[in-house]
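Novice: Let me begin by handing over the structure; questions about it come next.
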Amino acid sequence: MASSTGDGSGFSGMDDYESLISTTDAELLKRAWRNEKAAPEILRFEASLVQRSREQIQLMEETVEEYTKNGVDALSVSLYQMDLDRTLFLLRSYLRTRLQKIEKYAFHIQKTSELWNLLSKQEQTFAKRCTDDMEQLFEQSVLSKLPDRYKSHLKQSVISEEDDMVPEAQLDTFVICRCKRFLGAFQLDETGVEKPVDLEADDLYALRYKSIKPLVESGQVDLV
Amino acid sequence: MASQSDPHGSAFSAAELEFLAEDEMVEIVPNMRMDPLNLISGDFGPFRPQIATQVPLWLAVALKKRGKCTIRLPDWMSVEKLTQVLEAERDSARDFQPLPFHYVEISRLLFDHARDDIPDIYMVRSLIEDIKDVRFHKIGTGLEIISERTYAVKLLNLSAMEVNIVRPFVAKALETFYKLDSPEMIQDAERRPDARSQAADRGPRRPLRPR
């Protein structure tokens, strides 16, 4: 993957000093976008990254306006505009992918507090409205007409022990990923049925998402 | 809800892959003068006539379209190198040659926008097509090795486009195997004596050895 030169203004939380200074916000945003697209469930909202990106975009927009007013050559202005458009696309697509996942798994996210905490404030409002609307829809169109024991939108019937009408993200999907560093023998499965797999740097692997979930969160593994 | 790519198919659409590929750096030779650009993606320039400089591919293509530069062909895209890679791909039945991750997208963009900068363009184009075909064929045969004992598959040296195309198949196949897998299968440990380097059959722990 290309790493563009530029001032590394992002505090990404990585321990490696070199990666800290060589990873720009644009890189981080790209990485967050890729991971979010490839992951079957919703990941942590990168609040500070999104905030910084928005500020940079705003700054750039003002710069472009200024340049057009001052009559800077059209070529530079159009190039700035292109870069701006690209960054905007990344940001928008990132947010849209997340919204899509929230819509899909709205009930599950609302029920599970750890998933709920991965959302930003606006996403939480969105999720709440989503669940309310869907609940209302189910109520009015179907559930009110069913016999009494089957009226819940969360459970199949009153005798169900858990909320089995709630779709959950499939964590067992296989995803293709790449490690940044050599991680050595990595145990894929807690029960020990599967033998450890050597994860080398920069090689592509197809693995179950559940096995590498903690690595993705800590940023050691990238989804492709 | 807005989504640029099909959520049930590949995770990325071809256009999005191209978007990612456009951030790769290439060398250009500008024919004009321009001040440094301080973009969100980084700082580039200053641009002086006849002095080569590195810029991202999207920037290079934009400048090229306006006739402001010529693009220097990346090293791996020379006829000699590509012929070497093609020979190696044909010789090895299982291994993939190292190629830039986005070689398909990069070559496509350069063909579309920088035709006059590529000497022997027809040769280069046909070489890349052949390389693509050989690799695809190898992917097909390689995927046949996925068996019930595969928990992880190593995809050495595949490129972004190829990964994107096999992703739905590989994901579904491995998932189905995983669901059908059960502890009784452990007795079948010694059934497969050879471990191939592309699809790592990771049942009992064996060092990877080409056959």
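Novice: Just give me the residues in the stretch A:1-46 being open to solvent by 60 Å² or more (accessible area, probe 1.4 Å) and either under 20 Å from the mean Cα position of the chain (by Cα) or at pLDDT 70 or above (or both), in sequence order.
Specialist: A:M1, A:F11, A:G13, A:R44, A:E46
Novice: May I pose another question? Give the residue, chosen from B:R135, B:R125, B:R115, that is open to solvent by 30 Å² or more (accessible area, probe 1.4 Å) and in contact with a Ser or Thr (Cβ under 9 Å, 6 or more places away or on another chain).
Specialist: Every option except B:R125 fails the conditions.
Novice: Quick check: anything in the stretch A:171-182 open to solvent by 70 Å² or more (accessible area, probe 1.4 Å) and more than 30 Å from A:Y205 (Cβ to Cβ)?
Specialist: Looking for residues that are open to solvent by 70 Å² or more (accessible area, probe 1.4 Å) and more than 30 Å from A:Y205 (Cβ to Cβ), one finds none in the stretch A:171-182, hence no.
Novice: While we're here: Could you run through the stretch B:34-66 and say how many residues are part of a loop (DSSP other than H, G, I, E, B), without any contact (Cβ under 8 Å) to a residue 24 or more places away in the chain and open to solvent by 30 Å² or more (accessible area, probe 1.4 Å)?
Specialist: Result for the stretch B:34-66: 9.
Novice: While we're looking at this one, here's another question. Out of (1) among the β-branched types (V, I, T); (2) in contact (Cβ under 8 Å) with a residue 12 or more places away in the chain; (3) surrounded by fewer than 13 Cβ atoms within 10 Å (Cβ to Cβ), the odd one out for A:V158 is which?
Specialist: Going through (1) among the β-branched types (V, I, T); (2) in contact (Cβ under 8 Å) with a residue 12 or more places away in the chain; (3) surrounded by fewer than 13 Cβ atoms within 10 Å (Cβ to Cβ) one by one, A:V158 breaks only (2).
Novice: Can you tell me which residues in the stretch A:47-105 are surrounded by fewer than 16 Cβ atoms within 10 Å (Cβ to Cβ), under 21 Å from the mean Cα position of the chain (by Cα) and hydroxyl-bearing (S, T, Y)?
Specialist: Across the stretch A:47-105, the qualifying residue is only A:S48.
Novice: Now for a separate question. Quick check: anything in the stretch A:112-120 touching a residue at least 24 places away in the same chain (Cβ under 8 Å), closer than 20 Å to A:L154 by Cα and in contact with a Pro (Cβ under 9 Å, 6 or more places away or on another chain)?
Specialist: No, the stretch A:112-120 contains no residue that is touching a residue at least 24 places away in the same chain (Cβ under 8 Å), closer than 20 Å to A:L154 by Cα and in contact with a Pro (Cβ under 9 Å, 6 or more places away or on another chain).
Novice: Another question, then. Restricting attention to the stretch B:67-98, and to residues there that are within 14 Å of another protein chain (Cβ to nearest Cβ), over 26 Å from B:G142 (Cα atoms) and in contact (Cβ under 8 Å) with a residue 40 or more places away in the chain, which single residue is surrounded by the fewest Cβ atoms within 10 Å (Cβ to Cβ)?
Specialist: B:P74
Novice: Next up: Quickly run through the stretch B:11-33 and pick out the residues that are in a loop (DSSP other than H, G, I, E, B) and either among the aromatic types (F, W, Y) or closer than 19 Å to B:L109 by Cβ (or both).
Specialist: Within the stretch B:11-33, B:F12, B:S13, B:E22, B:D23, B:E24 qualify.
The values are calculated or read from the model by the stated rules, or taken from the named source; none is laboratory data. Remember, it's a predicted structure, so these values are computed and weren't measured experimentally. Positions of Cβ are generated from backbone atoms using ideal geometry, with glycine treated the same way; all protein chains shown enter the neighbour counts. The accessibility values were calculated without ligands, DNA or RNA, using every heavy atom of the protein model including side chains. Shrake-Rupley method; radii C 1.70, N 1.55, O 1.52, S 1.80 Å.
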